[in-house]
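Student: One structure, pasted below without further comment.
Just so it is clear, none of the values below were taken in a lab; they were calculated from the coordinates. Quantities reported herein were computed from a predicted structural model and do not represent experimental measurements. As a convention, Cβ positions derive from the backbone with ideal geometry for all residues, glycine included, and neighbour counts pool all protein chains shown.
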Amino acid sequence: MRSRVIAVMAAAAAATAVLAQPAHAAPLVDGVYRFAALQDGKCLIYPKPGGYRGGVSLGDCTDNANTSANWRVRQRPNGTMEISTVGSDPLTCLKVNDDYRVAANDCAGRYAEWTVSIGSAGPGSVVWADIEHTPGDGSGSWGKLVDDPGVNGRIVVRRAPIEPHFWTPQQVG
């Protein structure tokens, strides 16, 4: 009996998780986007003085000598996407460190593989973007991009299922 109750509770939790997913998800087309967090108006930024490499954080949605909120989204042949910093030479992409913090580094390997989808809960609702790390090797480093309330201004990848973090993407140029 107890196992039946546990099974029913697990099924109910799974159904709730499916219902919580926004209904109109679609992948982003290739382009340059500004991803701004809906709840606080902050954008993803990285430190330009460090040669476009280093930890990704939340900051003001401005472009100046020290920060950039613009990211290039490009489809990869394996169906994932590459989210790279614009203007970097050599090209740098979002990666995941061993502690699941997000940084900008070279575009080699699984750390450049993401799924980026966009949608809304219906007409008139807020547009969101969901950024999920999806390494092709199926390793345990996958998860969703969220801002960690425990560490000010740090961006981390948390293993799914988690509450999605909502971003509003604005195509640049």
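Student: Taking the alpha-carbon distance from Lys42 and a cut-off under 14 Å, which aspartates and glutamates remain once sequence neighbours fewer than 8 residues away in the same chain are dropped?
Tutor: List returned: Asp60, Asp63, Asp147, Asp148.
Student: 7 Å from Cα along Cα→Cβ at both Val127 and Arg158: what's the point-to-point distance in nm?
Tutor: If labels sit at Val127 and Arg158, their model points lie 2.6 nm apart.
Student: List the lysines whose Cα sits under 18 Å from the Cα of Lys95, skipping any in the same chain fewer than 8 residues away.
Tutor: Here the lysines satisfying the reach criterion relative to Lys95 are Lys48, Lys144.
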